[in-house]
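Report on the structure given below.
Derivation of every value follows stated rules applied to the coordinates shown; laboratory data play no part. All of these numbers come straight from a predicted model, not from anything done at the bench. All Cβ positions, glycine included, derive from the backbone under ideal geometry; neighbour counts span all protein chains shown.
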Amino acid sequence: MTEIVSLPIEHWDETCSPQQQDTALRALEGGSVVLLPHLAFPLDATELRFLDPRLADAGKNISLNPVDGALQGSRDNLEPLRGMIERYAKSSATLLRQLLPRYVPTIQTGRTSFRPVEVEGRTTSWRKDDTRLHVDSFPSSPTQGRRILRLFTNVHPASRPRTWRLGESFEGVARRYLPSLHRPVWGSSAVLQALGITKSRRSAYDHFMLQLHDQMKADAAYQAQAPQHTQEFAPGSTWLVYTDQVSHAAMAGQHLFEQTFYLPIEGMGDASTSPLRVLERLLRRELV
Ligand code: SIN
Ligand code: FE
């Protein structure tokens, strides 16, 4: 069962003790969720109007590109909206420096997203349906083994929690699907990259992770019967999780911020817990 490890941090720039840093690192790498129940992201009075699903084109997320600072996913390309999301990106970076200093030399900043659309009742294809248990892996963004670390904050103005399901361990998931995972077709990575389907080379690791993601989501019996429990994240709380490792599904909730970080496994405290190393051990081959 995925454990929830809570820390009493209240400010984004709070100085964390070595014990808190150690607890967070071990918990995350061990496949737990680190919950900061008292870390809120307050919006100012003029920003409350952004808690509106109509701002998000096609009922999706609004996100900030860390390279050029451009906003994507909203026709209302308002500077104050961009500023609010950028403030979350900066707050996330500050927290990371305090809580996970070990990651600072190697971590890379990914996109920041604002999710003002209610999750419950949203319609998508099965592959994009995040109400199904899955580990994160994205067709167009290969990580080549880097970790996907995500920080979330529920900013619902009333009491609506973000409701997730949390599933079994990464090794449990991997062992279950191992017999039905197949090897990449020789040469396919180069073709995908040449066609612009992937932004960088899809490694054997990415290939296996995409299959895990898809096979979990497509398997109705697994969705119903896999070991799992429901976890509610209250408004005013923040949580961190390695979403490439922890089986998760978002069932309900509205108004969320999310920051993605990528970490090369060499930057981890213990790389043997990474999905790359677990898959390599189970498949008895290198997945570069
Ligand atoms: C996900 O990462 O699958 C969705 C998380 C969320 O929007 O709550
Ligand atoms: Fe996900």
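Details
- Long hydrophobic helices in the chain, taken as whole DSSP H segments with a C-alpha length of 18 Å or more on their own axis and mean Kyte-Doolittle hydropathy at least -1.0: 79-99, 204-218.
- Sorting the segments 62-69, 127-134 by their mean number of nearby beta carbons within 10 angstrom, highest to lowest, gives 127-134, 62-69.
- Spin-label pair Ala252-Ser125: with each label point 7 Å from Cα along the Cα-Cβ axis, the two points sit 2.9 nm from one another.
- FRET efficiency, Gln19 to Val191 (Cβ-Cβ, R0 45 Å, nearest 0.05): 0.35
- Inter-part distance, the stretch 224-288 to the stretch 35-54, computed on C-alpha centroids, equals 24 Å.
- Debye log10 I(q)/I(0) at q = 0.06, 0.16, 0.17 Å⁻¹ for the stretch 4-283, Cα point scatterers: -0.18, -1.42, -1.59
- Entry note: the stretch 158-261 has Rg to Rh equal to 1.04, where both radii use alpha-carbon atoms and Rh is the Kirkwood radius.
- Counted over all Cα-Cα pairs of the stretch 169-224, pairs farther apart than 15 Å make up 54 percent.
- Computed from the C-beta positions of Arg201 and Ser272 and an R0 of 30 Å, the FRET efficiency is 0.80 to the nearest 0.05.
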